[in-house]
Amino acid sequence: MRVARPLSLFAALSIALAGAAATATAAPAPAPEAAAGSGYAAPTMLHCKLNVRSATKSSATVLRTLRNRNGNCPGKGGHDSVPCWLNKCGGITAGGNYTCQSGGKSYKSWLPVKHQGKRAWVAIKCGTYVTP
């Protein structure tokens with residue numbers, strides 16, 4: 001009896017670990033360029049593109065354009081993203097005004113992201129961010 005109980009506990013633990021490992025490997029892969037554990041910014045289905053800019057104003061240089069080519073957005077498929085600068089996509093900052101569409105509501109919230117190892121900014125109301 002003393003040997004059987006530790007063996008049954010060992011067997012139960014082995015099954016639990018195997019199940020956890022299978023679940024971990026079945027999890028969806030992170031979005032392209034997403035930094036592990038930090039989250040990422042991406043365009044939404046409503047706004048099919050999101051510009052990565054050098055500063056928190058709409059006149060700042062566009063460093064990259066992220067595109068959503070799924071659903072109603074044009075293109076063959078795929079969804080671009082960029083990693084957030086801070087862990088869990090923190091650090092939303094007030095900056096210059098922008099609108100997501102011509103004649104739309106004006107916003108000032110900018111999210112810091114990582115572009116080629118440097119801090120850049122996206123107009124977060126025109127996109128979305130996902131945390132781990």
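Calculate, in nm to one decimal, what Ser109 and Val130 gain on full extension: separation in residues at 0.36 nm each, minus their alpha carbon distance. Walk me through the numbers on the way to the answer.
On the way: separation 21, 0.36 × 21 = 7.56 nm, distance 1.61 nm.
Using 0.36 nm per residue and subtracting the Cα-Cα distance, I get 6.0 nm.
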Karplus-derived 3J(HN,Hα), 6.51/-1.76/1.60, for each residue of the range 61-66, Hz, glycine and proline x: 4, 7, 8, 6, 10, 8
Any lysines whose Cα falls less than 30 Å from that of Lys108, other than same-chain ones fewer than 8 residues away, would be Lys49, Lys57, Lys88, Lys118, Lys125
Using a simple spin-label model with points 7 Å from Cα along the Cα→Cβ vector, what separation in nm is obtained for Val62 and Lys88? 3.3
Which order do you get for Trp85, Trp110, Trp121 if you rank them by accessible area with a 1.4 Å probe, largest at the top? Trp85, Trp121, Trp110
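The values are calculated or read from the model by the stated rules, or taken from the named source; none is laboratory data. In this text the structure is predicted, and so the values were computed from the model without any measurement. Every residue, glycine as well, gets a Cβ built from its backbone with ideal geometry; the counts of neighbours run over all protein chains shown. The area values use the complete protein model at the heavy-atom level, side chains included, leaving out ligands, DNA and RNA. Shrake-Rupley method; radii C 1.70, N 1.55, O 1.52, S 1.80 Å.
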